[in-house]
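In what follows, a structure is listed as structure tokens, so that the remarks can point back to it.
The values are calculated or read from the model by the stated rules, or taken from the named source; none is laboratory data. These figures come from a predicted structure and were not determined experimentally. Here the Cβ positions follow ideal geometry from the backbone for every residue, glycine too, while neighbour counts run over all protein chains shown. In case anyone asks, the SASA skips ligands and DNA or RNA and just uses the protein heavy atoms, side chains included. Shrake-Rupley method; radii C 1.70, N 1.55, O 1.52, S 1.80 Å.
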Amino acid sequence: MLAVELRFRRVNGENLRTERPVLGVCPSLPGYGFSDKPAAPGWGIERISDAWCELMARLGYRRFGAQGSDWGTSIATSIGQRQPDRVAGIHLMPPLAPPDPATLDDLTGAERAALATLREADEWGSGYSAQQSTRPQTVGYGLVDSPAALCAWIVEKFWSWTDSGGDLHRVITRDELLDNLMLYWLPGTGASSARLYWESLRQVNEWISGSAGAPVTVPTGCSVFPKELQRPSRRWAERRFPNIRYWNEPGKGGHFTAFEQPALFVDEVRSFFRLVR
């Protein structure tokens, strides 16, 4: 998350806004990385979003911006829904919004391509999520017992979801991949990280291809990369996010753009938060 505390001071009788320096607070999800493993069910995206708001309060930030991709997209969105007074805005990569049925007879080329990608992913690329959302503990034993199983399980998704032209190491080096894998292997989070799918994937899938749900009215920035799995058009996204202040579709990048193209990622985040700080 991006943190910025807004303060006011009086100068010559006028309220002027001042700000503490912007800093990044990057918490790891429960069951992932450096975080503890949940000992009981219930750690879905809503509870995590509440935990992040509590974290920011304890760090002394009354108001902040939230940025997310992958699970972070849904968590940042949940923060905007549940505690809108706490955030200056949310930046999503990408926004999760289903196709608008009213547009299906008048689709743009980009919208047709987005629907084709969703169909292909559902048919050929969703086995991992079906397993983790229904029997996470079963696959989890292999993920914490075998480094080969963990490597195959994770690296296949890097190969599939990056904008690499089929050569993964053009955008992510072997050492970087190993660094990522070790954040699962050393703390033994292969099973505990899979449980978030059991907790929340059905809800997220509804946002991707079902109904838009309740609108998220906080200021929103959206970056949609060409090799991302979900690529809603702006008119689809505006049904769920009616207060979009920033929209961009960069020419490169995949699902892991912050990893693949860190400079591009930083530019996108800065471009949005300059508008709402």
Discussion item. Rounded to the nearest 5, what % of DSSP beta bridges with both residues in the chain are antiparallel?
Written reply: 40 percent
Worksheet, complete the sentence: Reduced to Cα centres, the span from the range 166-212 to the range 94-121 in Å works out to 24 Å
Item to complete: Would you look at the GNM of the chain, springs on alpha carbons closer than 10 Å, and say which of I75, I45, I154 moves the most?
Response: I154
Fill in: Cβ-derived FRET efficiency at R0 35 Å, R245 paired with R58, nearest 0.05
0.75
Worksheet item: Under unit Cβ charges (Lys, Arg +1; Asp, Glu -1), what dipole magnitude, rounded to 20 debye, does the range 113-168 have relative to its Cα centre?
Response: 200 debye
Worksheet item: Given +1 on the Cβ of Lys and Arg, -1 on the Cβ of Asp and Glu, and no further charges, what dipole in debye does the chain carry about its Cα centre, rounded to the nearest 20?
Response: 1120 debye
Worksheet entry | the chain, helix-only ellipticity at 222 nm - DSSP H runs n ≥ 4, -39,500 (n - 2.57), divided by all residues, nearest 500 | -14500 deg cm²/dmol
Discussion item. Give the aspartates and glutamates whose C-alpha is closer than 18 Å to that of K37, dropping any in the same chain fewer than 8 places away, or say none.
Written reply: E46, D50, D145, E199
Discussion item. For R58, R170, R47, R270, give me the order by solvent-accessible area with a 1.4 Å probe, most accessible first, ignoring ligands, DNA and RNA.
Written reply: R58, R170, R270, R47
Item to complete: For the chain, find the longest principal axis of its Cα atoms and tell me its angle to the long axis of helix 45-58, 0 to 90°, nearest 10.
Response: 50 degrees
Discussion item. Using the basic label-point model (7 angstrom from Cα toward the beta carbon), what is the S209 to L115 distance in nanometres?
Written reply: 1.3 nm
Worksheet item: What's the extension gain from V25 to R270 if we count 0.36 nm per residue and subtract their Cα-Cα distance?
Response: 86.7 nm
Fill in: Hypothetical label at W198: residues of the range 130-161 whose amide nitrogen lies under 15 Å (7 Å Cα-Cβ projection)
130-144
Item to complete: Answer with one residue from A130, L143, L92: the one whose Cα lies farthest towards the positive end of the charge dipole of the range 76-213, charges on Cβ with Lys, Arg +1 and Asp, Glu -1.
Response: L143
Worksheet item: By how many degrees, between 0 and 90 and to the nearest 10, does the Cα long axis of helix 174-185 differ from the longest principal axis of the chain?
Response: 90 degrees
Response to the item:
Restricting to lysines and to Cα separations under 27 Å from K227, and discarding same-chain partners fewer than 8 apart, the set is K157, K252
Discussion item. Using a 1.4 Å probe on the protein heavy atoms, what percent of the accessible area of the chain belongs to carbon and sulfur?
Written reply: 52 percent
Worksheet entry | Label-zone membership for the range 188-210, site A40, 7 angstrom Cα→C-beta point, backbone N under 15 Å | none
Worksheet item: How large is the accessible surface per residue of the range 210-277, computed with a 1.4 Å probe and reported in Å² as a whole number?
Response: 44 Å²
Worksheet item: How far is helix 262-276 tilted off the main Cα axis of the chain, in degrees rounded to 10, range 0 to 90?
Response: 30 degrees
Worksheet entry | Estimated FRET transfer efficiency (D70, D145; beta-carbon r; R0 35 Å; 0.05) | 0.90
